[in-house]
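The values are calculated or read from the model by the stated rules, or taken from the named source; none is laboratory data. None of the values given here were measured: they were computed from a predicted structure. Because the Cβ atoms are built from the backbone with ideal geometry, glycine has one as well, and the counts that use them run over all protein chains shown.
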Amino acid sequence: MVGETTRPDWLSDAYTVADGPEQADVAVLMPGTPVEALDATPLTAHGALMPVINASGHSVSGALYSVPSLQPAALAEAIGVARPVLERLAQLPDIDALADTEALIVLAMAYSRQTPLHASWDFTRPMVVRYAALRGIENPRALLEELAATELLARERFDCIHYCPACGGSRLNVREECTECRSSDLKPAALVHHYRCAYQGPESEFLRGHSLECPKCQRLLRHYGVDYDKPGMVFVCGSCGTENSDPAVGFLCTDCDRHTDSEQMDTRTWWHYAITPGGVAALHRGILPHLSLEASVARGSVGYWVRDFITLLRFQQAQARRYERPLSLLVVRVHNIDAISDTLGGRGLSQVFAHLVDVLSECLRQTDAVTARGQIVYVLLPETPIAETEAIARRLRHTTEAVVAGPMEITIERTEGVDAAAAVLEALTG
């Protein structure tokens, strides 16, 4: 019981108050206890995944269940909600003893709660978005995106948010500004249009005491709708005097004070994430596909995740078809991944893949692209005739044999043209 040092008198003997979080099944946030008390203990998988029952009287994002007051009936109801979560957690391997603890915590949270990991607004954070369920994992967005890229999580759009190019934060003041000096000191003024001489300008130019006089022809404007009208508004800059009917839009970062014009701003898309069947399987195995060939290749300097490679390949296929440009592909098959894994173990296999990525980066150009699916590596070579791929394939095979420990048994198939691209697209999307 977080925030309570003595056992409540009314608590049934069916419950034991643990000495610390590692001995507890459920955390109960007691009345009056600040939510920060949950973060006072070091992060472990057990502590991060433990269901939290909120009886503090405060709003606690990420709590499994909240009760207005902690009474025996309310506690029993909350424990009933927590029990299925605890049963699902009991099915999982000891996450703290495995590599990739934080990634497995993310998957375990989504699996045990049987609900997506929701993004929510939190303006106490520079990025203004948080994942309340992932307490203790600092800046989890990159981790969530990596798990989504490997299809362990599925994404659903939350929002698209501008961010500061200097510090990356999204606590921004969006304001209308002068197009000349970028001051936000803009004052609206009515436009006056004189019918007789067609002069138009801010009302301040026409004012003569309590009357209106045209600054161009010096005639008095007596009757609205007869002598003049007011067709709209204009903004006058209090700093430089510039008049403009369409002010510029600027962004001022409230964290680092950086000013950025609207056309130079970029956006960051945030998502909700739900676990996929592949994520459930990886979680129960306790091994993530960062040990897979696909994930290793994607991290290379010319590597792409499959979904991004597909987009690039379709573009290059269209270019080759329309402009009759050369386009070649290499299909590299690795035949003994399972044998390497049996011999070297998971970490050894990961090191072999890392060596292969180094070889690909060394042998290919920055304009080339690589991805992997299963035990096959696909290499896209834009603007490359098939005759030139023989030397590339030979260098790739030689360097692999010289550098990559294993040994890694590979074969390389060379193909060209839009039909070859279509075959690869079918293999990657089928």
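Considering the stretch 394-430 alone, what residues qualify as being out of contact with any helix residue (DSSP H, G or I) (no Cβ under 8 Å at 6 or more places or on another chain), surrounded by fewer than 17 Cβ atoms within 10 Å (Cβ to Cβ), part of a helix (DSSP H, G or I) and touching a residue at least 12 places away in the same chain (Cβ under 8 Å)?
Step one: list which residues in the stretch 394-430 are out of contact with any helix residue (DSSP H, G or I) (no Cβ under 8 Å at 6 or more places or on another chain), which gives 394, 397-398, 401-402, 409, 411, 413, 419-420, 423, 426-427, 430.
Filter once more, keeping what is surrounded by fewer than 17 Cβ atoms within 10 Å (Cβ to Cβ): 394, 397-398, 401-402, 409, 411, 413, 419, 423, 426-427, 430.
If we keep only those that are part of a helix (DSSP H, G or I) too, we end up with 394, 397-398, 401-402, 419, 423, 426-427.
Selection gives ARG397, ALA427.
So that you can scan it fast, the table gives a plain yes or no per residue for (1) assigned to a loop (DSSP other than H, G, I, E, B); (2) buried (at least 16 other Cβ atoms within 10 Å of the Cβ); (3) touching a His at 6+ places or on another chain (Cβ under 9 Å):
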| position | (1), (2), (3) |
| --- | --- |
| ARG155 | no, yes, yes |
| ASP159 | no, no, no |
| GLY169 | yes, yes, no |
| VAL174 | no, no, yes |
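Starting from residues that are under 20 Å from LEU191 (Cα atoms) and not hydrophobic (A, V, I, L, M, F, W, C), keep the ones in the stretch 240-272 and report whichever is surrounded by the most Cβ atoms within 10 Å (Cβ to Cβ). Steps first, please.
So in the stretch 240-272, the residues under 20 Å from LEU191 (Cα atoms) come out as 240-248.
Filter once more, keeping what is not hydrophobic (A, V, I, L, M, F, W, C): 241-247.
Working: GLY241: 10, THR242: 15, GLU243: 16, ASN244: 16, SER245: 9, ASP246: 9, PRO247: 18.
Top of the filtered list is PRO247.
Residues LEU86, LEU134, LEU147, LEU70: which one is in a helix (DSSP H, G or I) and crowded, with 16+ Cβ neighbours inside 10 Å?
One residue alone meets the criteria, LEU147.
Taking the condition of being hydroxyl-bearing (Ser, Thr, Tyr), under 15 Å from VAL249 (Cβ atoms) and at pLDDT 95 or above, how many residues in the stretch 162-201 meet it?
0
For the stretch 95-131, what are the residues that are of a type in the set (A, V, I, L, M, F, W, C) and part of a strand (DSSP E or B)? It would help to see each step written out before you state the result.
Filtering the stretch 95-131 down to residues of a type in the set (A, V, I, L, M, F, W, C) leaves 95, 97-99, 103-110, 117, 119, 121, 123, 127-129.
Result: LEU117, ALA119, TRP121, VAL129.
So, in the stretch 291-319, of the ones that are hydroxyl-bearing (Ser, Thr, Tyr) and under 19 Å from LEU152 (Cα atoms), which residue ends up modelled with the highest pLDDT? Please lay out each step first, then the result.
Initially, the stretch 291-319 is screened for residues hydroxyl-bearing (Ser, Thr, Tyr), giving 292, 296, 301, 304, 311.
If we keep only those that are under 19 Å from LEU152 (Cα atoms) too, we end up with 292, 296, 304.
Values: SER292: 63, SER296: 73, TYR304: 87.
Only one residue fits best here, namely TYR304.
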